[in-house]
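Values in this text are rule-based calculations from the coordinates and carry no lab data. Source: prediction; values computed, not measured. Please note: Cβ atoms are built from the backbone with ideal geometry, for glycine as well, and neighbour counts cover all protein chains shown.
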Amino acid sequence: MSGNPGEDRDRRLAEAVRLREEERREEAREILVSLAAELPHDVQVAYQTAWVHDTLGLEAEAVPYYERALDGTGLSRDDRRGALLGLGSTYRILGRYEEAAATLGEAAAEFPDDGGLKTFLAMALYNTGRTHDAMEILLTLLVTTTNDPEIAGYRPAIEEYAKDLDATM
């Protein structure tokens, strides 16, 4: 073990990420839970700990780690996006639909070009009964990202219907 706490943290974190990527998730979780207890303000450790809990289907256990990661500073832009999507999706899985929609809505506003966030937001909106908003997001996403010429040919009509599915043209 290194005498430098920062080097030890980096080594253990890298080992846990490697184990998670190798699908040795429980081993990764053990390392990360220990690191998170030792370094409660380390947002990167919190994010990785949340992530490994999610991959194990331990969503309720993942939430406080996601929240801790997002409450602090220091996540890269990519990791922040991942933590927001992870937390929002996890809230949704746990039936916490309003929190899911709020988290994913904030994330989609912060990362407006991320179609994945918009898709998860649409699912959360559906769960809250906001089906019109969900359909508007999905239809708009569909026509702005499709390579299907049959759909692209109807883009103007689909964009109009996305605004109001009950309207007639």
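Of note:
- Phi-based couplings in Hz for the range 8-16 (Karplus 6.51, -1.76, 1.60; Gly and Pro marked x): 4, 4, 4, 5, 5, 5, 4, 4, 5
- Most mobile of Pro64, Pro112, Pro156 in a GNM of the chain (Cα contacts under 10 Å): Pro156
- Label point 7 Å beyond Cα of Glu98 along Cβ direction - residues of the range 116-153 with amide nitrogen under 19 Å: 121-134
- If the chain linking Asn4 and Ser34 were pulled fully straight, counting 0.36 nm for each residue of separation and taking away their Cα-Cα distance, it would gain 9.1 nm.
- Relative contact order computed over the chain (Cα-Cα under 8 Å; 6+ residues apart), in percent: 11
- Global form of the chain, assessed from the alpha-carbon gyration tensor, a/c cut-off 1.5: prolate
- Cα-based shape type of the range 1-75, given that a ≥ b ≥ c are square roots of the gyration tensor eigenvalues and the cut on a/c is 1.5: oblate
- Rounded to the nearest whole Hz, the Karplus-based 3J(HN,Hα) values (6.51 cos²θ - 1.76 cosθ + 1.60, θ = phi - 60°) of the range 123-134 follow the sequence 5, 5, 5, 4, 5, 8, x, 8, 5, 4, 4, 5, with x at glycine and proline.
- From phi via Karplus (6.51, -1.76, 1.60), per-residue ³J(HN,Hα) for the range 73-82 in Hz, x at Gly/Pro: 10, x, 6, 5, 4, 5, 5, 4, 4, x
- For the pair the range 101-153 / the range 14-69, the C-alpha centres are spaced 28 Å from each other.
- Taken about its Cα centre, the range 57-98 carries a charge dipole of roughly 140 debye when the Cβ of each Lys and Arg holds +1 and the Cβ of each Asp and Glu holds -1.
- Percent RCO, i.e. relative contact order, over the range 1-75, from Cα pairs under 8 Å lying at least 6 residues apart: 24
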